[in-house]
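Take a look at the structure below.
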Amino acid sequence: MREAGFYESVNGKVKCLLCPHFCIISEGKRGVCGVRINKGGKLWSEVYGKIIAAHLDPVEKKPLFHFFPGTKTFSIATPGCNFQCPFCQNWEISQIVDGLERVKYVSPEEVVDAGMRTGAHSISYTYTEPTIFFEFAMDTGIIARRKGLKNIFVTNGYISLNALSSAINFLDAANVDLKSFREDFYKKLCKGKLSSVLE
């Protein structure tokens with residue numbers, strides 16, 4: 001585990017400031033994403049470096065049409081998501097909360113080295129929701145940028161403005177996957193707010 005960023009203490013609990021859920025989490029409990037936990041009055045990311053998927057994809061699959069077309073992107077994911085969409089095509093990895101100890105740790109440096117070995121032009125944080133592994137994406141992205149690789153988020157867009165402003169340190173492109181243009185759809189099926197995504 002790694003201590004998370006974007007939180008504050010609130011009367012013995014922690015308030016996560018990473019996404020618009022702004023979960024207030026009691027000792028030993030997790031936020032909506034299922035992978036950020038309050039231990040000892042601190043917020044911890046249980047998925048830092050816990051890569052559950054890694055593939056080499058065409059950048060157009062993200063889908064990004066005008067961002068270095070014809071290049072490959074090294075795509076990675078950790079478990080977890082801050083939405084709970086019943087139609088998720090990657091639910092087997094996005095909704096996992098048990099068995100994280102069996103997922104092998106990979107360092108940010110190892111991800112970047114693997115991406116470079118594949119001949120990728122970029123690293124994509126995708127398949128699950130990159131917001132919930134933001135600290136790992138940022139550490140990886142800063143190293144990747146230093147070594148000449150671009151960084152891409154394929155995201156549901158459910159991120160706090162404070163966290164989003166920190167992404168400027170490493171992020172080069174993003175695709176926001178809108179699920180609907182109806183607030184009631186987001187509330188009922190995603191367990192989130194369309195207005196926060198649009199913001």
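The values are calculated or read from the model by the stated rules, or taken from the named source; none is laboratory data. Please read all numbers here as calculations on a predicted model, not as lab measurements. We place every Cβ from the backbone using ideal geometry, glycine too, and count neighbours over all the protein chains shown. The area values use the complete protein model at the heavy-atom level, side chains included, leaving out ligands, DNA and RNA. Shrake-Rupley method; radii C 1.70, N 1.55, O 1.52, S 1.80 Å.
How many residues are at negative phi and open to solvent by 60 Å² or more (accessible area, probe 1.4 Å) if we restrict to the range 16-31?
Step one: list which residues in the range 16-31 are at negative phi, which gives 16-21, 23-27, 29-31.
Pick out the ones that are also open to solvent by 60 Å² or more (accessible area, probe 1.4 Å) and you get 24, 27, 29-30.
Number satisfying all stated conditions: 4.
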Discussion item. Restricting to the range 3-15, name every residue that is closer than 30 Å to Ser75 by Cβ and surrounded by fewer than 14 Cβ atoms within 10 Å (Cβ to Cβ).
Written reply: Glu3
Worksheet item: Are any residues in the range 170-193 crowded, with 16+ Cβ neighbours inside 10 Å and more than 20 Å from Gln89 (Cα to Cα), and if so, which ones?
Response: Phe170, Leu171, Asp172, Ala173
Worksheet item: Somewhere in the range 146-165, is a residue within 25 Å of Phe65 (Cα to Cα), open to solvent by less than 20 Å² (accessible area, probe 1.4 Å) and part of a helix (DSSP H, G or I)?
Response: no
Worksheet item: How many of the residues making up the range 63-76 are part of a loop (DSSP other than H, G, I, E, B) and either closer than 18 Å to Glu101 by Cβ or modelled with pLDDT of 95 or more (or both)?
Response: 5
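Do we have Thr128 as in a loop (DSSP other than H, G, I, E, B) and either more than 12 Å from the chain's Cα centre (by Cα) or of a type in the set (S, T, N, Q) (or both) here? Show your work before the answer.
On the way: in a loop (DSSP other than H, G, I, E, B): yes; either more than 12 Å from the chain's Cα centre (by Cα) or of a type in the set (S, T, N, Q) (or both): yes.
Spelling it out, Thr128 is indeed in a loop (DSSP other than H, G, I, E, B) and either more than 12 Å from the chain's Cα centre (by Cα) or of a type in the set (S, T, N, Q) (or both).
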Discussion item. I'm told Pro79 meets every condition in (1) open to solvent by less than 20 Å² (accessible area, probe 1.4 Å); (2) farther than 17 Å from Gly192 by Cβ; (3) at pLDDT 95 or above; (4) not β-branched (Val, Ile, Thr) except one. Can you identify the failing condition by its number?
Written reply: (3)
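If you scan the range 32-57, which residues turn out to be free of Cβ contacts under 8 Å to residues at least 40 places away in the same chain, part of a loop (DSSP other than H, G, I, E, B) and open to solvent by less than 60 Å² (accessible area, probe 1.4 Å)? Walk me through how you get there before you give the answer.
Filtering the range 32-57 down to residues free of Cβ contacts under 8 Å to residues at least 40 places away in the same chain leaves 37-42, 55.
With part of a loop (DSSP other than H, G, I, E, B) added as a condition, the list becomes 40-41.
Matches in the range 32-57: Gly41 only.
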Worksheet item: In this structure, is Phe22 in contact (Cβ under 8 Å) with a residue 12 or more places away in the chain and under 14 Å from the mean Cα position of the chain (by Cα)?
Response: no
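Right, Glu101: of a type in the set (D, E, K, R) and at pLDDT 95 or above or not? Break it down into steps so the answer makes sense when it comes.
Numbers: of a type in the set (D, E, K, R): yes; at pLDDT 95 or above: no.
In short, no.
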Item to complete: Kindly indicate the residue of the range 97-106 that is open to solvent by 40 Å² or more (accessible area, probe 1.4 Å) and assigned to a loop (DSSP other than H, G, I, E, B) and also nearest to Gly49 (Cα to Cα) among those meeting that condition.
Response: Lys104
Response to the item:
The one condition Glu109 fails out of (1) part of a loop (DSSP other than H, G, I, E, B); (2) exposed (fewer than 15 other Cβ atoms within 10 Å of the Cβ) is (1)
Fill in: For Lys15: the one exception among (1) assigned to a strand (DSSP E or B); (2) of a type outside the set (S, T, N, Q); (3) within 30 Å of Ala114 (Cα to Cα)
(3)
